[in-house]
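Visitor: Dropping a structure here in structure tokens format, bear with me for questions.
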Amino acid sequence: MHVGLRIELDAPVDAVRDALLRPSVMVAVTKPFLVYRSLDPDGFPEHWTPHDPHPISASTFGVLPSGSSHVDIDLHETEGVPVQVDRGGGTSGLFARMDMRHRMAVSALPGGRTLFRDRLTYRTRPALLGVALWPGMWVIWQWRAFRMRALAPTWRA
């Protein structure tokens, strides 16, 4: 199953790409529906480091534990388009029942804007769990779009 976005953001492509590498942005675009916390004693880094897994936990509305996972970023280009893939995986709770692949790509648009493509593909055990989770995932992804559009103009610096 999957959820995805294809939206225009009011920020240059380099600023969006940098923002996607900041844990603070991951946290800002999913709250209050999904609240992420770092499990590292030093907290979240300023930027994700490719191929350096970072342990996290998440809770629904900050109260219902969703489990633990790790963010493991890979950066590459596909036909000249910058792509960021999180290959991390669940380690406990609901996340441990999910295999996830989160892919984000950005392309420059005229006027200093960016086309942002965001796709989370997931499988669950049991499979029916994925079907049950999909409506909530869709709502979170719509919220992500709303928050990204609101925050993108602040990413110009």
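Visitor: Would you tally the residues in the stretch 86-121 being over 14 Å from HIS70 (Cβ atoms) and either among the basic types (Lys, Arg) or in contact with a Lys or Arg (Cβ under 9 Å, 6 or more places away or on another chain) (or both)? Before you say what the answer is, go through the steps one by one.
Guide: Initially, the stretch 86-121 is screened for residues over 14 Å from HIS70 (Cβ atoms), giving 94, 97, 103-121.
Subsequent filtering for residues that are either among the basic types (Lys, Arg) or in contact with a Lys or Arg (Cβ under 9 Å, 6 or more places away or on another chain) (or both) retains 97, 103-107, 112-121.
Count: 16.
Visitor: Something else about it: Could you please tell me which pairs satisfy a Cβ distance under 8 Å, a separation of 6+ or placement on different chains, a first residue in the stretch 140-157 that is in contact (Cβ under 8 Å) with a residue 12 or more places away in the chain, and a second residue that is part of a helix (DSSP H, G or I) and among the charged types (D, E, K, R)?
Guide: That search, which allows pairs on different chains as well, returns TRP155/ASP18.
Visitor: Would you please list the contacts, defined by Cβ atoms under 7 Å and residues six or more apart or on different chains, that run from a residue in the stretch 1-15 that is more than 15 Å from ILE140 (Cα to Cα) to a residue that is in a strand (DSSP E or B) and among the basic types (Lys, Arg)?
Guide: GLU8/ARG113; LEU9/ARG113; ASP10/ARG113
Visitor: Take residues that are of a type in the set (Asp, Glu) and either loosely packed, with under 15 Cβ neighbours inside 10 Å or touching a His at 6+ places or on another chain (Cβ under 8 Å) (or both) and tell me which of the strands (runs of 3 or more DSSP E) falling wholly in the stretch 17-132 contain 2 or more.
Guide: Values: elements: 34-38, 54-60, 64-71, 73-78, 81-86, 90-92, 98-109, 113-124.
By residue number, 73-78.
Visitor: Within the stretch 143-156, does at least one residue satisfy the condition of being among the aromatic types (Phe, Trp, Tyr), surrounded by fewer than 18 Cβ atoms within 10 Å (Cβ to Cβ) and over 13 Å from the mean Cα position of the chain (by Cα)? First the steps, then the outcome.
Guide: Taking the stretch 143-156 and keeping what is among the aromatic types (Phe, Trp, Tyr), we get 143, 146, 155.
Still in the list and also surrounded by fewer than 18 Cβ atoms within 10 Å (Cβ to Cβ): 143, 146.
From the residues that got through so far, the ones that are over 13 Å from the mean Cα position of the chain (by Cα) too are 146.
Yes; the residues of the stretch 143-156 include at least one that is among the aromatic types (Phe, Trp, Tyr), surrounded by fewer than 18 Cβ atoms within 10 Å (Cβ to Cβ) and over 13 Å from the mean Cα position of the chain (by Cα).
Visitor: What tally of residues in the stretch 35-54 results from selecting those that are touching a residue at least 24 places away in the same chain (Cβ under 8 Å) and either at positive phi or in contact with a Gly (Cβ under 9 Å, 6 or more places away or on another chain) (or both)? If you could, list the steps in order and put the result at the bottom.
Guide: Within the stretch 35-54, the subset touching a residue at least 24 places away in the same chain (Cβ under 8 Å) is 35, 39, 46-50, 53-54.
Filter once more, keeping what is either at positive phi or in contact with a Gly (Cβ under 9 Å, 6 or more places away or on another chain) (or both): 35, 53-54.
Number of matching residues: 3.
A short reminder: the numbers here are calculations on the coordinates, not readings from a lab. Values in this document were obtained by computation on a predicted structure and should not be read as measured data. With ideal geometry, Cβ positions are generated from the backbone for all residues, glycine too; neighbour counts draw on all protein chains shown.
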